[in-house]
Amino acid sequence: MIWTSWDLRRWLGWALGGLLGLGGVPGWPQQVPFRNYTARDGLPRNTVRTVYQDRQGFLWLGTPSGLSRYDGATFVHFTTKDGLPDDSINRVLEDSAGRLWIATNFNGLSRYRPGTFHNHAVIPNRSRAPENRVNAAFGFRDGSLWVGTDGGLFRWAGARFVPVVAEGYPWRTPVLAIMADRRQDVWVGTEFGLYRLRRDAGGRWVAIGRWDDVEVYCLAEDPDGNVWVGTRQGLKRIRPPTWEWARLPAGLAFLADKWIRAFWVDSAGDLWIGTNGYGVWALRRDGSVVHYTAAHGLAGNDVLDVFQDREGNLWFATTVGLSKLRADHIVNYTVADGLPDHSVNAVLQDGPEAFWFGTRLGLAKWAGGRIVRYTAADGLADDYVLALGKDGAGAVWVGTETGISRVVPTDRGERFVTYREKDGWIGRRARVLYRDDGGDLWVGHELGVSWVSHRGRLVNFPVRVEAPRALVTAIVRDGGGDLWVGFFEGGLVRLSVRTDDAGRPVLTEVARYGRADGMADDHIRAAGKDQAGHLWFGTRFGGVSEFIVEGSAVRAIRNYTTAQGLSSDWVSCILQDRQGRLWFGTDRGVDRLRLGPDGQVVWERLTPREGLAGDGVLACYEDIEGDLWFGTENGVTHYRPDFHLPAPPPPVYITQFQVFGRPEPMALRQGRADLGYSQHSVAFEFVGISLEDETRVRYRYMLVGLDKEWSGITDRRYVNFTHLPPGRYVFKVHAQNADGVWSETPAVFEFRIAAPFWQTAWFIALVIIGLTGLLTAVHHRRVRRVLEMERLRTRIATDLHDDLGSTLGSISVFAEMAYRETAGWSPKAGSLIRRIGENARAMLETLEDIVWTMNPEHDRLDDVLERIREFAVEVFEARSIELELDLPDADAGRRLRLPMELRRDFYLIFKETVHNVVRHARCQKARVTVRVQDHVLRLTVQDDGVGFDTTAAAAGDGLRNMERRARAIGGILHVVSQPGQGTTVTLEVPVP
């Protein structure tokens, strides 16, 4: 049964109190968003005795079959095989120093540090002694630890446990519960009574209070200072300042004689009570009472422990599983609560204390703590209710499968006025009831739209589209007053609205919109308007389309589908709440759109996992208090969005480091690793702990040294890197919870992959030193060879000049002398002798060229230029040809050294060119130019002679020899000539 918004809980408390007074067991079977965990989900067994969350965020579960640690993704189990002294775990506790203590049922306690258990028997060497059966443990602010056992009360003395002795307290009594109150008095619950201990001025403990004949299992202090005592005989309360038993609140009277197993005071100050066989109860700060059992979704009715984690989730340890209640801000109502049917198509609030729900099997009104159902038998147009709405006068209208009805309140309930054709109704299926900002009510049906006057009269406006199913499924009015009508098939029709003299609207079609205009789909299912005046349309196959309307123009259409993060492309209802948040009902739950810090669209989801009644959402509604109602295919959900606060940043941890698939636990504990060069494939497993919704934790990671930016957001908890080059790396990973909050600091792991020995600095240095020595030796050897060659060239040049040159010179002289002696008496002999002399002089001239070429003292360019000058002047002056020389200056010539082969061929090409000019050109002027530019030595010889046709003339041996010599030294020879225009010969040779 529904009461107005959140005051329903207060009413429940009163109702439960009345029921308890009659001795009955109250039940309220609305489904609550419990998430249950059993052995199928990874628990070692279904019975869970205790729940605890350590400061790192891990959830520890004590069971009869060992200890389990839950990180939101996996359960990790520990037993005696891992070092525990006993598999039967009663309590888990973290002291102020961050040490985790595990209390066992038979063999004392164990202190856990990552990877190892350090066991401490209360009484050493006495397995299963009463003193080693630890029932309770409590950590004090000063760091001290007290434990209650079957053999009495003990405290941790740093290396062992010692008995706690207090005046007036029988210390060997079995202890089941321990608690320190706000005064730092210690309350000790035993099998035979309750004791209150206080330290006196001398530091001794004294019992200052005693309550007999109760078997105490749990203790708690509420924000008002009341001490709650859970006993086998029932729930008890001790109130200050008298410190006497006090009467229970009426809502908890039922528990006065029921076995109480656990207490927890949550962050809101509410007291949660775990019972043996009757589920869990909560006493609110406002005095109301809530009771949950297996009928509401709790795993079981035997609740052994209650715990609230840092995100506000409540955990209930039962004998048949572990239950989590994410937050008490969702309540679901189904046919078990009196609804006519599971599918709720419409929700409407009627005044401060009444709600209407439209279903496939009739209409339900919830008010005054009871439900009243209405069907066609009561005058309703049809049992199948499609829509609910209010007109300007506040009357409730019901749209059904075969028509519309108006609710008329009477002293004896409600009656219905159903509209037929005679009453002005022209449609059949009343799919939409829309009230605009001006209070006008519009009805959408298969023949168009109808307007409802304040007197309840209908004015019909046929609106048609070319589609087989032209049912109106959505209506919304924009900021300019135009009416937008969406169809089951056929897109949108925009209508302008004006008022005639009688005050009735007049509609005129303005435009139509569909897929051709930019919408993702034209099967319209819902419509809405946001605070900015943008229109939103939900579709069957294309998600939701946002229309940015400015006056009569549509400036833009934006589509949001599953590709942009929407849960489903089927959007059945749209709502903007008073906070400006947009909600979209889909066939996969409810999506809420918000903008992230970077302006990106972020989708937040409400699904059955979070407590929604069902996946398929049919209706969205906001009540007068700002609470939201979602009609689904499995009941109706009452959701309080402002009750939910963003969870804190999730801690993130690296849970495994692997090298070639082999775990390295030691390196993981140290947070770093040094790897060999062959260990170049590593993998990481990690987890972000957010227990609010474990399935929606997301990650991003980066390997510094390889990656330049963070990875994309992923739900994968494993990443592998292969064939990493040697170097230093830092792996970082962040986690994000369901609220989009990232972990404050990343989990970090550093590792280094050593370089192979041939890539190490010492090896490279040795190689450099060796290569340097080798190159030096080669250079020295080459220098010696060059020096030897120069000495050899000098010696050969000297020998040729001195021996062969003098011989040829003597031949030339003797031939001239012989010619003179024989010329008078034998002309023929004289001619031969003269030819001998000429040949000897030619050979002497060639020998001089060879000697000059081989002499290393002439390797500089200036020596070549000097020889060119001497030869050109000598030859051209002998022929009376005017010569112009353009040679580089001496400094440039001295800086450039030429190889012997280049110097020789360059000079011989020059000589051959000069000889050709002298023999064939018949010129008056000649110009010789030498230039060095861009590592090119260029020789140009020009004349103003007769020239020749280069295309017709056959090349002689001289020109072919010149071209061959040019190619031999890597040069290019160009000959440019035309008859009557002289000749230009150019040689270009690359030089160092």
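The values are calculated or read from the model by the stated rules, or taken from the named source; none is laboratory data. Values in this document were obtained by computation on a predicted structure and should not be read as measured data. Glycine gets a Cβ as well: all are built from the backbone with ideal geometry, and neighbour counts include every protein chain shown. Note: areas computed on protein heavy atoms with side chains; ligands, DNA, RNA excluded. Shrake-Rupley method; radii C 1.70, N 1.55, O 1.52, S 1.80 Å.
To the nearest 10 degrees, how steep is helix 8-21 against the longest Cα principal axis of the chain, on a 0 to 90 scale?
Long axis of 8-21 versus the principal axis of the chain: about 40 degrees.
Once the Cα atoms of helix 900-916 and of the chain are each reduced to a long axis, what angle between those two axes, in degrees from 0 to 90 to the nearest 10, is obtained?
Here the helix axis deviates by roughly 50 degrees.
Might you list the cysteines of the chain that have no disulfide-compatible partner by the rule of another cysteine's Cβ under 4.7 Å?
Cys218, Cys923, each lacking another Cys Cβ under 4.7 Å.
Taking amide H positions as placed in the peptide plane 1.01 Å from N, state which residues far from Arg605 in sequence (5 or more) or on other chains have amide H under 5 Å from it.
HN-HN under 5 Å from Arg605: Arg592.
So how do 862-871, 556-565 stack up, highest first, on mean other-Cβ count within 10 Å? Present the calculation step by step, with values, prior to reporting the outcome.
Values: 862-871: 17.6, 556-565: 15.3.
Order by mean packing, descending: 862-871, 556-565.
Counting alpha carbon pairs within less than 8 Å and at least 6 residues apart, what relative contact order, in whole percent, applies to the chain?
Numbers: 2396 pairs, mean separation 57.2, N = 992.
Over the chain, the number comes to 6 percent.
How big is the dipole moment of region 386-495 about its Cα centre under a simple scheme where the beta carbon of each Lys and Arg is +1, that of each Asp and Glu is -1, and everything else is neutral? Debye, nearest 20, please.
In total the dipole reaches around 320 debye.
Highest mean first, how do 752-761, 187-196 rank when packing is the count of other Cβ atoms within 10 Å averaged over residues?
On the way: 752-761: 13.0, 187-196: 21.4.
The peptides rank, most packed first, as 187-196, 752-761.
Report the one residue of Tyr621, Val590, Val719 whose Cα lies farthest in the direction of the positive end of the charge dipole of region 577-721 (charges on C-beta: Lys and Arg +1, Asp and Glu -1; origin at the Cα centre).
Val719
So for region 860-990: antiparallel DSSP bridges make up what percent, rounded to the nearest 5? Before the final figure, lay out each step's value.
Working: 23 of 28 bridges.
Approximately 80 percent, going by the DSSP bridge assignments.
With the other protein chains left in place, how much accessible area per residue, in square angstrom, belongs to region 860-990 at a 1.4 angstrom probe?
Working: 7200 Å² over 131 residues.
That works out to 55 Å² per residue.
Which trypsin sites (Lys or Arg not before Pro) from region 97-170 combine a DSSP loop assignment with at most 15 other Cβ atoms within 10 Å? Could the numbers behind the result be given before it?
Details: sites: Arg99, Arg111, Arg126, Arg128, Arg133, Arg141, Arg155, Arg160; in loops: Arg99, Arg126, Arg128, Arg133, Arg141, Arg160.
The qualifying sites are Arg126, Arg128, Arg141, Arg160.
Return the carbon/sulfur percentage of the accessible area of the chain, one whole number, probe 1.4 Å, all protein chains in place. Walk me through the intermediate numbers first.
On the way: 22680 of 45970 Å².
The nonpolar share, carbon plus sulfur, comes to 49 percent.
Of the listed values [x] 174, 98, 44; [y] 151, 79, 67; [z] 136, 90, 88, grab the one calculated as Cα extents along the principal axes in Å from the structure here.
Answer label, from the structure shown: [x].
Assigning unit charges at the beta carbon (Lys, Arg +1; Asp, Glu -1) and nothing else, what dipole magnitude in debye, to the nearest 20, does the chain show about its Cα centre? Present the calculation step by step, with values, prior to reporting the outcome.
On the way: 120 positive and 123 negative charges, 442 e Å.
So the magnitude is around 2120 debye.
Expressed as a whole number of Å, what is the distance separating the alpha-carbon centroids of region 616-672 and region 77-151?
Cα centres, region 77-151 to region 616-672: 32 Å.
Please report, in debye to the nearest 20, how large the charge dipole of region 652-759 is about its Cα centre when each Lys and Arg carries +1 at its beta carbon and each Asp and Glu carries -1 there.
For this selection, approximately 360 debye.
Once phi is turned into θ = phi - 60°, what whole-Hz ³J(HN,Hα) does the Karplus curve with 6.51, -1.76 and 1.60 give for every residue of region 647-659, x standing for Gly and Pro?
5, x, x, x, x, 10, 9, 8, 9, 7, 10, 10, 10
Sort 974-981, 911-918, 44-51 for me by packing, meaning the mean count of neighbouring Cβ atoms within 10 Å per residue, highest on top. Intermediate values should be presented prior to the final figure.
Working: 974-981: 13.2, 911-918: 19.5, 44-51: 21.2.
Top of the packing list down: 44-51, 911-918, 974-981.
Which percent, to the nearest 5, of DSSP beta bridges fully inside the chain are antiparallel?
Working: 255 of 269 bridges.
Approximately 95 percent, going by the DSSP bridge assignments.
Can you find, among Trp366, Leu314, Asn332, the residue farthest towards the positive end of the dipole of region 311-407? Put +1 on the C-beta of Lys and Arg, -1 on that of Asp and Glu.
The one lying farthest along the dipole's positive direction is Leu314.
Once both axes come from the Cα atoms, what is the angle between helix 761-799 and the longest principal axis of the chain, in degrees from 0 to 90, rounded to 10?
For 761-799 against the chain, the angle is about 10 degrees.
Using 7 Å Cα-to-Cβ label points, what is the Met900/Leu595 separation (nm, one decimal)?
8.5 nm
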